[in-house]
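The values are calculated or read from the model by the stated rules, or taken from the named source; none is laboratory data. As the structure is a prediction and not an experimental result, all values here were calculated from the model. A quick note on method: Cβ atoms are made from the backbone with ideal geometry, for glycine too, and the neighbour counts reach across all protein chains shown. These accessible areas exclude ligands, DNA and RNA; they are computed on the full protein's heavy atoms, side chains included. Shrake-Rupley method; radii C 1.70, N 1.55, O 1.52, S 1.80 Å.
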Amino acid sequence: MSDATKTTNLTVAQQLREVRWYQQPRWRRLGALLSLGLLMSMVTGVQGTHNDIFYAVRENFSDGSVAVWLGLALLVWAVREFASAPFTSSARKVKGTLVTPLGAVGRLWSTERWVRWGVIAAFAAILVWGPMGLSRFWQTVLVDQIAIYLLVAVGLNVVIGWAGMLDLGFIAFFAIGAYSAAFWTGALPVQPPVVLNNFLVIPLAVITCLIAGVLLGAPTLRLRGDYLAIVTLGFHEIVYLAAKNLGDVTGGTSGVKVDRWHIDLGFWTYEWNVIDQMPFYWLLLAFIAIVVFLFIRLEHSKVGRAWTAIREDEVAAASTGVDTVRYKLMAFAIGASTSGIAGVAYASKVGYINSENFVILLSILVLSYVIFGGMGSIPGVLFGAAFLVWLPEFLRDFVDPKDRHMYLGALLVVMMIYRPQGVIPSRRRQRELEMAEAGTGGADATGPASGRQS
Amino acid sequence: MTTDVRTDGGSAGTTATDNGDLVLDAAGVTLRFGGVTSLNNVELRMHRGEVLAVIGPNGAGKTSLFNSLTGAYTPQEGRITYRPSQGGEHELLGRKPHLVSRLGVSRTFQNIRLFGALTALENVKIAAETRLKAGPVSIMLGLPNARKAERDSDRKAHEVLSFVGLVDKLNELAGSLSYGDQRRLEIARALATDPQVLLLDEPAAGTNPTEKLELEQLIRRINRDLGVSVLLIEHDMRLVMSVADRVMVLNFGKKIAEGTPSEVQQNPAVIEAYLGAVAEEDTAAVAETIAAHEAAETDADTDDTDDTDDSAGGSDGPGKERE
């Protein structure tokens, strides 16, 4: 009898405390992954017809692709949930074999000046001359897309990764930069007071984007999280629709032809031409290098710390003397001007812009580059942008080109389930995420920053 | 920490009786949230260099008073005058929190609000460099003034951290420090802004007896060595009685008593506020009971179960958040 009471008592206590097997988060993750598999088999399979609304479902769920997708989902889940131990141990073993030479290099790196410069020079040399070996197609992708979006993503990282403000309309500034380039080089139907060289347009585009960033930021900075995101989305739509519908000013959907990069000093002229992609690449590489160099300085300075403080706890930051409005505006302006430079670079490279170059999808994609790579981390964002721009181009040969972004989306979903901090997360951001998981702080740039620990 | 503060407040504790020299002078402060009057015509006169404690039962409006003084809330009526030692008068009511902080009124929070993902050093540096002039452009270009600002804030932060005794933990994450260290780090962060008035909101909540003792000494040193006037909210009566020069008692948003610790302890209105009935006889015994009761209560609630009005957050506007 007493035993029986004991067990009952135990079960009551257990009922309150115990997590049932089906309540474990891993099953929820499995559910999410399987749903993703089903979704992928639908969206990458045949299309429906309006004669027979279940045609697509029947077709896609009866052939082998659904099994492949579900199997893939199961595999990802099983490997990640149960087999991660052997993976990490083998990774550790690899690290162990590498650690001696790497450690030696690391020591030399910190002590010997020539090693440091040697490594940097070797890395730079690969970056500078490496792409010469690529095919023309990949060179074009590298310049037209990867390099340009790297620049945009680095700019967005300032706004979302460092200052913690969700901006869904970042391509609006890219558009403003591109149209500034078109305007000042005399390409638009409206003529500028003086026609300038593309290089001279850059400061003007930066100033224009700064002003646009402040104009957008000043009235909206009181908003937080989702509200700010909606306003930026609206801002993007305004810029896009203006570019599309003000045909007399912007050229609208039919677009305008923009002069490519050129230098004309009178006695010496040089023109970047479409025959060879490499000069364009080197130019953009220089832009990216300068921007990244400047931003790294910013991250570990007073400004970067103030942004982190605002992101974590705005009230505490203000009480500590941080002018929150000023720093948020600063983030908006710096991010916007970077995007503006990218816009000028894009217009001056491709030589043609129309309103359809600046659709909302691009804003969302750039955001996903930043999140995928790791918000707030410059190496992460560089990698994220490079990889996610490369991936759809790479998939072009293997899957239906129309479905390419579906694979991107699936990758992002898996990523968010298993590595929400991004591929190469910033240390600060990762700590914030860990604290949020432990329930002691807010890491979400979108939610109200709580930032309390107790 | 700066010499001007030290020379001015050098005679700190002793000038407390000088009635003419008010560093904070608030009168008629009334704060309402809808139909709830959180502060009702509160008056606060704080002398330069003194330690003034604000006590009162839960929900008495102590934290509301702090939030009003530091710009987090804007009371509907009243005025709050701040007179820094270098002369001049500033109205704090309705001023933005960061401007209040820059004038020299700094605060800590009841529920610790550090930047948990930053190191102790970085937390303090954020406060130390708010007044340094270095814009983003000079930082990006690495101009000499930006480098000097960085060095200055580094030195200042080291100074403050060694003052509170955290110098050996400066590279640890603020979020991973022990509770007592987090409290001290918050004080260090507030001190790094070179305040003339420091507002401490329950600094002893959740600390153990040893830490309490250290805190007591720290408050004394802040007051005596740095010449900072300290306004203290505290439930731990032993701490209040030992460090405070004067005590002010709030209940239901009203000031019900003010005076030296021993005067306040024997004030019938105070005893009534705490015990809910007039206890006329043997007030000394009752006061002791209060102290014991308070100590127990503070030990029990380490979190923000205290003031119902503790929505410390919410600068104005739609971004208002609940704590």
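What are the lysines whose alpha-carbon lies under 30 Å from the alpha-carbon of residue A:257, with same-chain residues fewer than 8 places away excluded?
Filter leaves A:244, A:349, A:402.
Among B:174, A:27, A:110, whose Cα sits farthest toward the positive end of the charge dipole of the protein assembly as shown (+1 at Cβ of Lys/Arg, -1 at Cβ of Asp/Glu, about the Cα centre)?
Most positive-ward Cα: A:110.
Strictly greater than 35 Å: what percent of every Cα pair in the range A:141-452 meets that?
The proportion of pairs with Cα distances above 35 Å equals 19 percent.
Can you tell me the 0 to 90 degree angle between the C-alpha axis of helix A:302-312 and the longest principal axis of chain A, rounded to 10?
Relative to chain A, helix A:302-312 is tipped by roughly 40 degrees.
May I ask which of A:302/B:169; A:302/B:62; A:93/B:169 have a Cα-Cα span longer than 27 Å here?
As for pairs spanning more than 27 Å Cα to Cα, those are A:302/B:62; A:93/B:169.
Under a Cβ-only charge scheme (Lys and Arg +1, Asp and Glu -1), can you give me the dipole magnitude of the range B:114-193 about the Cα centre, in debye to the nearest 20?
Value, rounded to 20: 280 debye.
Could you state the accessible area per residue of the range A:348-440 in Å², with a 1.4 Å probe and every protein chain left in place?
Solvent-accessible surface per residue comes out at 42 Å².
Among the DSSP beta bridges whose two residues both lie in the protein assembly as shown, what percent are antiparallel, rounded to the nearest 5?
60 percent
Cα centroid distance between the range B:205-247 and the range B:145-201, in Å?
18 Å
Nearest 100 Å², what total accessible surface is buried between chain B and chain A (probe 1.4 Å)?
3600 Å²
So what's the angle, to the nearest 10 degrees on a 0 to 90 scale, between helix A:360-373 and the longest Cα principal axis of chain A?
60 degrees
Rounded to the nearest 20 Debye, what is the dipole magnitude of the protein assembly as shown about its Cα centre when Lys and Arg each give +1 and Asp and Glu each give -1 at the C-beta?
Computed charge dipole of the protein assembly as shown: roughly 2820 debye.
Placing +1 on the Cβ of each Lys and Arg and -1 on the Cβ of each Asp and Glu in the protein assembly as shown, which of A:75, B:64, B:210 has its Cα farthest towards the positive end of the resulting dipole?
Projecting each Cα onto the dipole axis, the largest value belongs to A:75.
Provide the per residue accessible area, probe 1.4 Å, for the range B:61-177, rounded to a whole number of square angstrom.
36 Å²
Would you please put B:24-30, A:263-269, A:185-191, A:425-431 in order of how densely packed they are, using the mean number of other Cβ atoms within 10 angstrom per residue and starting with the highest?
The packing order, highest mean first, is A:425-431, B:24-30, A:185-191, A:263-269.
I'd like to know which of A:338, A:138, A:13 lies farthest towards the positive end of the charge dipole of chain A, counting +1 on Cβ of Lys and Arg and -1 on Cβ of Asp and Glu.
A:13
Give the relative contact order (percent, whole number) for chain A; include only Cα pairs under 8 Å separated by 6+ residues. If you can, show how the numbers build up before the last one.
Details: 617 pairs, mean separation 98.1, N = 454.
Once normalised by length, the contact order is 22 percent.
Measure nothing but the geometry: give the 0 to 90° angle between the long axis through the Cα atoms of A:65-82 and the longest principal axis through the Cα atoms of chain A, rounded to 10°.
70 degrees
Ignoring any ligand, DNA or RNA, what whole percent of the accessible area of the protein assembly as shown comes from carbon and sulfur when the probe is 1.4 angstrom?
Looking at the protein assembly as shown in its full context, I get 62 percent from C and S.
With +1 on the Cβ of every Lys and Arg and -1 on the Cβ of every Asp and Glu, and nothing else charged, how large is the dipole of the range A:141-452 about its Cα centre, in debye rounded to the nearest 20?
Details: 21 positive and 23 negative charges, 132 e Å.
Result for the range A:141-452 is approximately 640 debye, rounded to the nearest 20.
Percent relative contact order of the range B:114-193, based on C-alpha pairs within less than 8 angstrom and at least six residues apart?
Relative contact order of the range B:114-193: 50 percent.
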